[in-house]
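Asker: Next up is a structure, given as C-alpha cells.
Since every read-out is calculated from the coordinates, none of them should be taken as a lab result. Computed from a prediction, not measured in an experiment: that's the story for all the values here. Here Cβ is always computed from backbone atoms with ideal geometry, including for glycine, and neighbour counts include all displayed protein chains.
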Amino acid sequence: MPRQLPLFASAKNPTILVGDRGDVTYIPEFLDRATADTLVEELQSDTQWQADSRMMYGKRVLVPRETASRGDRMRQPWTPTLEVVRKMIERHTRTAYDYCFLNLYRDGRDAVAWHGDRDGTRDARLVVASLSLGTTRQFQLRPKKDSGLLYNPISVDVNHGDLVIMAGDTQLYWEHRVPRDPRITGERLNVTFRQHTARTSAN
Ligand SMILES: O=C(O)CCC(=O)C(=O)O
C-alpha cells in the first residue's frame, strides 16, 4: 500500500516527499483560496482543451483526461491570474518558467499513468512545479524500476491550491501518477509550470 503522509504534513509547512536521488517538495495551500478560485474561473472560461491519444497494444486510444498548453509565444497565452501565479512560483522556486501544461481531470475516471517528465531528454533535470486546483486527488511517486532505490510508493492528497515541486534528479530516478478513483465525481485542474530551456530567475 502507498504510504500516506503523516498528519503534521498539513498546516502550510513544506514537506519533503523525496530527498534521495531526487528532490520533491509538497507545499499545502501555496495559493490562498481566493486566488485559486479566480484561477479556476479564468482557466475554465478561457481554455481550449484537447483530447490526446496514444498507441496502446497496436490501437490508438484516447488518454483519460483533457490537456492544453499556455505560455510565452504560445497560441494560448498566460491569463492575468496565471501570470501572477507564475511570478509567485518563480520567486519561490528561483526558476523561470516560459510555459505551462494543463491537465483537466473531469472526474475520478480520468487519471495519468506512471511516468517521468521529459524522460530520456537532456532536460530531465529541469524543475517542474505542479499546482493542483479543484477536487482533491492522490498524487503518487515511486522509484523507477532500474533506479536501485527500494522505497515504497509515496502518496499525498493534493488539494485546491497545493503545490508539488519536482527538481534535481527526480525525473531520472522517480516516476509519478494520479491514479483513477471512480468514487470521485468532481473536476480537478492541474497546471505544471515548465521551461523550454534552463534559466535561473533573478528574484
Ligand atoms: O495532475 C498531476 O498532478 C500530475 C500531472 C503530470 O504528471 C504531468 O503533467 O506530467
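Asker: Report the relative contact order of segment 24-136, percent, no decimals, based on alpha-carbon pairs under 8 angstrom and at least 6 residues apart.
Answerer: In percent, rounded to a whole number, it is 24.
Asker: Further, regarding this structure: Tell me the net charge near Gln76. Cut-off is 9 Å between Cβ atoms, Gln76 excluded, with +1 for each Lys or Arg and -1 for each Asp or Glu.
Answerer: +1
Asker: With each run of n ≥ 4 DSSP H residues scored as -39500 (n - 2.57), what mean residue ellipticity at 222 nm is computed for the chain after dividing by its residue count and rounding to the nearest 500 deg cm²/dmol? Mind dumping the intermediate values first?
Answerer: On the way: 3 runs with 31 residues, N = 203.
It comes out at -4500 deg cm²/dmol, rounded to the nearest 500.
Asker: Sticking with this structure for a sec: Taking the Cα centre of the chain as the origin, how large is its charge dipole in debye, to the nearest 20, when only Lys and Arg (+1) and Asp and Glu (-1) carry charge on their Cβ atoms? Could you put the intermediate results ahead of the total?
Answerer: Values: 30 positive and 26 negative charges, 120 e Å.
It comes to approximately 580 debye.
Asker: Which residues' amide hydrogens lie under 5 Å from the amide hydrogen of Asp98, considering only partners 5 or more residues apart or on another chain, with H built in the peptide plane?
Answerer: Residues meeting the amide H criterion: Arg194, Gln195, His196.
Asker: Calculate, in nm to one decimal, what Asp107 and Arg177 gain on full extension: separation in residues at 0.36 nm each, minus their alpha carbon distance.
Answerer: 23.7 nm
Asker: Using amide H atoms built in the peptide plane, which far-off residues or other-chain residues are under 5 Å from Glu175 H to H?
Answerer: Here Arg142, Lys144 satisfy the definition.
Asker: Put +1 on the Cβ of every Lys and Arg and -1 on every Asp and Glu Cβ in segment 9-145; which of Leu131, Pro143, Gly22 then has its Cα farthest towards the positive end of the dipole?
Answerer: Ranked along the dipole, the leading option is Pro143.
Asker: Tell me, what is the FRET efficiency for Ser53 and Leu150 to the nearest 0.05, using R0 = 30 angstrom and their Cβ-Cβ distance as r?
Answerer: Efficiency at R0 = 30 Å is approximately 0.25.
Asker: Can you tell me, using C-alpha contacts under 8 Å and at least 6 residues apart, the relative contact order of the chain as a whole percent? Intermediate results must be reported in sequence, preceding the final value.
Answerer: Numbers: 425 pairs, mean separation 62.3, N = 203.
After rounding, I find 31 percent.
Asker: Ok, one more. Quick one: length gained pulling Lys12 to Asp98 fully straight, 0.36 nm per residue minus the C-alpha distance? Let's see the in-between values first.
Answerer: On the way: separation 86, 0.36 × 86 = 30.96 nm, distance 2.67 nm.
Taking Lys12 through Asp98 to full extension adds about 28.3 nm, to one decimal.
Asker: Using only the Cα atoms of segment 91-166, build the gyration tensor, take square roots of its eigenvalues as a ≥ b ≥ c, and label the shape rounded, prolate or oblate: rounded if a/c is under 1.5, else prolate if a/b is larger than b/c, else oblate.
Answerer: On the way: a/c = 1.62, a/b = 1.09, b/c = 1.49.
It comes out oblate by the Cα gyration axes.
Asker: While we're on this one: With Cβ to Cβ distances under 15 Å as the rule, what net charge do the other residues near Pro14 carry (K, R +1; D, E -1)?
Answerer: 0
Asker: Please compute, for the alpha-carbon atoms of segment 15-194, the extent along each of the three principal axes and give them in descending order in Å.
Answerer: 44, 41, 33
Asker: Simple spin-label model, 7 Å along Cα-to-Cβ: Met74 to Arg125 in nm?
Answerer: Here the modelled spin labels are 2.5 nm apart.
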